[in-house]
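Each remark here refers to the structure printed beneath this line.
The values are calculated or read from the model by the stated rules, or taken from the named source; none is laboratory data. If you're wondering where the values come from, they're calculated on a predicted model, not measured in any experiment. Cβ placement follows ideal geometry from the backbone for every residue including glycine, while neighbour counts extend to all protein chains displayed.
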Amino acid sequence: MNSSLARLADTWTPLIVQYKTAGDLLLSSDKAEAVVLPATFLYRQCIELLLKRHILIFLEILQLPFAEFAQNYQKKHSLNTLFRGFQQLAEQLGNCKQAPEHVALAITYFQNLDPDSVSLRYPLRSDGSVLQVTLTQETLHTVRSHIKQIAAFFNEQYAVLKAQFNS
């Protein structure tokens with residue numbers, strides 16, 4: 001990628017990989033049930049950065065300024081809001097693949113776990129209610145499955161976009 005926003009998007013990749021890798025390491029331990037919330041927090045951060053990275057690239061392709069990103073996306077933490085922005089920009093571009101339903105559902109899963117982007121960091125939600133996540137083997141499986149689906153889709157799309165910019 002040669003443009004300034006695309007180069008800026010490239011700088012997000014190591015952090016995306018680090019958040020996902022850290023979550024993977026936590027959940028691969030024999031104490032996974034004891035660290036599921038920190039791992040899920042790391043995965044949620046990974047998803048937020050994946051969405052923002054793609055939005056940056058789409059804005060560059062559409063030749064929109066960084067101010068568009070700063071105003072509408074940079075300080076947003078709702079995965080649903082970011083995902084809608086991603087989908088709308090992909091639609092505007094026409095030649096970018098929309099996220100399939102299973103990826104949309106996986107993102108919604110993480111959004112519902114932490115709707116305010118604080119629930120996985122603090123014991124209370126922003127309304128003062130206590131965070132309660134039932135820790136089961138099924139929860140662990142679901143978290144792992146969803147992050148794999150999300151990462152696979154966005155990493156594939158990123159590779160396609162990089163190839164288009166580099167050709």
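Some observations on this one:
- In summary, Y158 fulfils each of the numbered conditions (1) assigned to a helix (DSSP H, G or I); (2) of a type outside the set (A, V, I, L, M, F, W, C); (3) loosely packed, with under 15 Cβ neighbours inside 10 Å with the single exception of condition (3).
- One residue from E68, E101 being of a type outside the set (K, R), free of Cβ contacts under 8 Å to residues at least 24 places away in the same chain, within 14 Å of F153 (Cβ to Cβ) and surrounded by fewer than 18 Cβ atoms within 10 Å (Cβ to Cβ): E101
- Qualifying positions in segment 1-42 - surrounded by 13 or more Cβ atoms within 10 Å (Cβ to Cβ), among the polar types (S, T, N, Q) and at pLDDT 95 or above: Q18
- Single residue of L42, L26 found to be in a helix (DSSP H, G or I), touching a Pro at 6+ places or on another chain (Cβ under 8 Å) and under 22 Å from P123 (Cα atoms): L26
- Scanning segment 100-138 for residues that are assigned to a helix (DSSP H, G or I) and closer than 14 Å to F41 by Cα gives I107, Y109, F110, Q111, N112, L113.
- Flag for I16 being of a type in the set (A, V, I, L, M, F, W, C) and touching a Gly at 6+ places or on another chain (Cβ under 8 Å): no
- Selection within segment 138-155: residues that are loosely packed, with under 13 Cβ neighbours inside 10 Å and either farther than 21 Å from A22 by Cβ or of a type in the set (G, A, S) (or both). The member of this set that is modelled with the lowest pLDDT is E138.
- Test: residue in segment 84-99 that is assigned to a helix (DSSP H, G or I), farther than 30 Å from L62 by Cα and out of contact with any strand residue (DSSP E or B) (no Cβ under 7 Å at 6 or more places or on another chain): no
- Of all residues in segment 156-167, exactly one satisfies the criterion of being among the hydroxyl-bearing types (S, T, Y) and either closer than 19 Å to L51 by Cβ or at pLDDT 95 or above (or both), namely Y158.
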